[in-house]
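Report on the structure given below.
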Amino acid sequence: FRELIEILALSRNQKLPQPGEESQILELLIQRDGEFQELMKLAVDQGKIHHEMQLLEKVVEKRDNDIQQLQKQLKEAEHILATAVYQAKEKLKSIEKARKG
């Protein structure tokens, strides 16, 4: 934009401006403005996507914590069950010994 404005200012300072030069500059300004508007829309869209990604990352982090908590509970349950199975086997052995005795 700065270049185009400088060119426009220089052409006005000339005694005899080139025919159609100002309209070409104006067309370029309009074209650049359109490109700028597209870039701004893209930036807004990317900002929305970035925000959504941050929200999803928080959800993933929460789910990871939930999974870790469940894994911990499963390990505790596994340990309790292993202990119960061991104790049950020991009782069966003692019952068999009592019958034989």
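For Lys97, a cut-off of 21 angstrom between C-alpha atoms picks up these lysines, skipping any fewer than 8 places away in its own chain: Lys89. Angle of helix 21-100 to the longest C-alpha principal axis of the chain, folded into 0 to 90 degrees and rounded to 10: 0°. Length available on full extension from Glu57 to Leu92: 0.36 nm per residue minus the Cα-Cα distance, which gives 7.4 nm. Measuring r between the beta carbons of Glu22 and Leu42 and using R0 = 30 Å, the FRET efficiency lands at 0.50. Computed with a 1.4 Å probe over protein heavy atoms only, the accessible surface of the chain comes to 96 Å² per residue. If the chain linking Lys75 and Asp33 were pulled fully straight, counting 0.36 nm for each residue of separation and taking away their Cα-Cα distance, it would gain 8.9 nm.
Surface composition of the chain: carbon and sulfur atoms hold 60% of the protein heavy-atom accessible area at a 1.4 Å probe. If you work out P(r) over Cα pairs in 10 Å bins from 0, in percent from the coordinates, which of (i) 14, 43, 33, 10, 0; (ii) 12, 16, 11, 11, 10, 9, 8, 7, 6, 5, 4, 2, 0; (iii) 16, 53, 30, 1 do you get? Structure-derived value, by its label: (ii). Against the chain, whose longest principal axis comes from its Cα atoms, helix 2-13 is set at around 10 degrees. Projecting the Cα positions of His79, Leu28, His51 onto the charge dipole of the chain (unit charges on Cβ atoms of Lys, Arg, Asp and Glu, taken about the Cα centre) puts His79 furthest along the positive direction. For Arg32, neighbours were defined as the other residues whose beta-carbon sits under 12 Å from its Cβ, and their charges (Lys and Arg +1, Asp and Glu -1) total -4.
The values are calculated or read from the model by the stated rules, or taken from the named source; none is laboratory data. Owing to the predicted nature of the structure, the values given are computational and were not obtained by experimental measurement. FYI the Cβ positions are ideal-geometry reconstructions off the backbone, even for glycines, and counts take in every protein chain you see. Surface accessibility is based on the protein's heavy atoms, side chains included, excluding ligands, DNA and RNA. Shrake-Rupley method; radii C 1.70, N 1.55, O 1.52, S 1.80 Å.
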